[in-house]
Structure formats: C-alpha cells, structure tokens
Amino acid sequence: PRFTDDIIVRNSMIEGKWGEEERDGNLPIKSGQEFSLKIISGTEEYIIDINGTRYCTYKHRLPPHSVITALIWGKIRPFKFVVKNPQPIINPRDLFWRQLGGHLRRVESCVSGVTWGIGYDHTGWVYNYGWGGSFIGSLDSHNINSMTDSQDYRLYENQRWNPVSGYTSTGLPTDRHMWSDATGKQKRTRDQVKLPSMHWQWVSDWLVDFHVPGGVDREGWQLCAAA
C-alpha cells in the first residue's frame with residue numbers, strides 16, 4: 001500500500017533494481033487501521049485477498065513454489081503471521097540447511113529479523129538478504145559484497161632455567177608444555193595450526209610479538225617465576 005497516493009503498488013526486483021510498477025486505485029485499507037492480508041500461492045500466480053475479499057492476482061517473475069522467504073518492512077506493525085500448507089510443514093531442525101558464502105566467528109539473530117555476525121578480526125557484519133555468489137555462483141545474484149577477514153594465531157614457547165645448563169626447552173614432568181596456548185595448560189605446536197578452510201591463506205610467516213603485556217627482552221622472552 002502507498003497511502004500517500006491511495007493506491008497499491010505491485011513490483012518485482014530484478015538484479016537489485018525495481019521494475020515497472022503495477023498500480024491499482026481504490027485502496028481498500030486505511031492508514032492506522034488493522035487489516036488482514038492473505039496471499040495464496042498458486043501454481044503460476046499469487047492470489048491476494050484483503051479483509052476476506054479477493055483483491056487481485058499477481059504473477060511474479062519467479063514461480064511461486066521457488067519462493068522461500070517473506071519479508072515485511074515499512075511503517076506497519078504485524079500482529080499475527082500464519083503459514084498454511086496442504087502438506088505437512090517440516091520442522092526447521094529437519095530442513096536442509098544450505099551454506100552461504102562468507103566466514104564468521106559467531107552468528108546471531110533476533111526477533112526483529114536482523115541477522116548479524118562477528119568476524120575473526122572483530123568486524124561486525126549484517127546479512128542484507130543477498131543471494132548468489134560463492135557456493136551458488138551459477139545462479140542469479142543480488143547484494144553480493146566482498147568480505148575480508150583476518151585471524152591471529154598465538155603460540156607460546158616455555159623454557160626452564162637451571163643452574164647447570166641455563167635455559168632449556170626440556171622441562172620437568174610437572175612443568176607446563178614447552179609449546180602451549182596463553183594459559184600454558186593446552187599443548188600447541190606450529191604444526192598443529194590449520195587454516196579454517198581452503199579459502200584462507202597465510203599472509204606472513206611466524207613472527208615474534210614484542211608488544212605483549214609486561215614487556216619482553218630483545219629476543220622476545222618474558223621472565224617469570226615458575227608456576
């Protein structure tokens with residue numbers, strides 16, 4: 001509905017651009033009033049009922065059975081959304097989930113319909129309802145943007161000092177691992193580090209970090225009491 005013009009507009013988005021509008025006058029709903037909208041998906045077209053009365057039929061550029069998403073936006077407040085199907089509707093847990101392009105450390109969503117995620121470099125990303133590209137590159141695409149990400153791998157070498165031989169990479173059975181994570185409790189070696197997927201690549205060789213809390217000496221070592 002376009003209340004300013006007292007009409008209803010039907011349109012299709014092709015390659016990210018709206019096509020030619022189809023306009024109907026005699027708007028059967030008024031701004032600020034409640035109404036019911038029923039969309040019946042036929043074999044070749046949509047049948048639109050407003051407040052229980054047949055309003056129009058609409059043929060989209062895509063067949064109705066290929067549509068998998070319904071979006072509602074604008075200055076409207078939906079009170080109820082009901083989906084009916086002549087066949088049993090599958091539980092979302094049993095659906096086939098298709099992977100989308102991109103790489104995120106964590107993905108979240110909310111009741112408002114916003115899906116967002118955090119990359120490994122702590123950059124925030126939001127899903128813009130785009131499709132195509134990457135895994136489904138052969139299909140039509142829309143709102144596909146490039147995505148970059150980076151991740152640091154940190155390993156810690158631990159050595160023990162003794163009065164005979166000085167510092168050594170051979171510790172006691174009670175010592176922490178000679179190569180470990182930041183806690184010293186989990187064994188980590190450079191050979192164990194694997195990239196998240198084949199789409200990642202190394203941007204540098206291993207480097208010594210001279211900017212850790214507490215400071216280090218010229219060779220990157222930090223002295224501490226045995227723990």
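The values are calculated or read from the model by the stated rules, or taken from the named source; none is laboratory data. If you're wondering where the values come from, they're calculated on a predicted model, not measured in any experiment. Cβ coordinates were reconstructed from backbone atoms using ideal geometry, including for glycine residues, and neighbour counts include every protein chain displayed.
Key figures for this structure:
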read-out	value
Given (1) loosely packed, with under 10 Cβ neighbours inside 10 Å; (2) part of a loop (DSSP other than H, G, I, E, B), index of the condition LEU195 fails	(1)
Members of the range 1-51 found to be in contact with a His (Cβ under 7 Å, 6 or more places away or on another chain) and loosely packed, with under 12 Cβ neighbours inside 10 Å, listed by number	GLU15, GLY16
Residue in the range 129-142 that is modelled with pLDDT under 65, outside any loop (DSSP other than H, G, I, E, B) and out of contact with any strand residue (DSSP E or B) (no Cβ under 6 Å at 6 or more places or on another chain) present	yes
Candidate set: the range 163-192, residues that are of a type in the set (A, V, I, L, M) and surrounded by fewer than 10 Cβ atoms within 10 Å (Cβ to Cβ); chosen: the one nearest to VAL208 (Cα to Cα)	LEU172
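Conditions tested, residue by residue: (1) assigned to a loop (DSSP other than H, G, I, E, B); (2) at pLDDT below 85.
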position: VAL9; (1), (2): no, no
position: ASN26; (1), (2): yes, yes
position: ILE48; (1), (2): no, no
position: HIS65; (1), (2): no, yes
